[in-house]
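The values are calculated or read from the model by the stated rules, or taken from the named source; none is laboratory data. Keep in mind that this is a model prediction, so the values were computed, not measured. Neighbour counts are summed over all protein chains in view; Cβ atoms, including those assigned to glycine, are modelled from backbone coordinates with ideal geometry. Only protein heavy atoms, including side chains, enter the accessible area calculation; ligands, DNA and RNA are left aside. Shrake-Rupley method; radii C 1.70, N 1.55, O 1.52, S 1.80 Å.
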Amino acid sequence: TIARGLVIDRYRRHAIEQAYKQTLAERPEATAISEEDKAVIIETLVAVDKALASLGDRARRIFMLSQIDGLTYQQIADQLQVSLTTVKK
């Protein structure tokens, strides 16, 4: 069980690192980031990924719509067809 969890964590971290590197490569300006800063950024991304993975599907979707897409609570409630109170919780 522990080994399985470690393998999953390793693949998840690798996927996050690859996405981070791809995002940097797609940026128009050359950005010089130290290896230490890269490590901190990747660790933070891994922590955020774990936190999001611990949420239920609906809660994760609401969080992403609010924080990433910048929708208001009312817009999220309308889009997901749930009550405003549900979104606020």
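Tell me whether region 4-11 contains one or more residues that are at pLDDT below 90, in contact with a helix residue (DSSP H, G or I) (Cβ under 6 Å, 6 or more places away or on another chain) and not aromatic (Phe, Trp, Tyr). The answer is no, given that none of the residues of region 4-11 is at pLDDT below 90, in contact with a helix residue (DSSP H, G or I) (Cβ under 6 Å, 6 or more places away or on another chain) and not aromatic (Phe, Trp, Tyr).
Beta carbons closer than 6 Å, at least 6 apart along the sequence or on distinct chains, pair a first residue in region 1-24 that is among the acidic types (Asp, Glu) with a second that is at pLDDT 80 or above and open to solvent by less than 80 Å² (accessible area, probe 1.4 Å) for GLU17/ILE42.
Yes or no: region 26-44 includes at least one residue that is under 19 Å from the mean Cα position of the chain (by Cα) and polar (S, T, N, Q). Yes, that holds for at least one residue. Please enumerate the residues belonging to region 13-57 that are closer than 19 Å to ILE68 by Cβ, basic (Lys, Arg) and surrounded by 10 or more Cβ atoms within 10 Å (Cβ to Cβ). Answer for region 13-57, where residues must be closer than 19 Å to ILE68 by Cβ, basic (Lys, Arg) and surrounded by 10 or more Cβ atoms within 10 Å (Cβ to Cβ): just LYS50.
Taking the residues in region 58-76 that are among the β-branched types (Val, Ile, Thr) and open to solvent by less than 60 Å² (accessible area, probe 1.4 Å) as candidates, determine which candidate is nearest to the chain's Cα centre (by Cα). Here the answer is ILE62.
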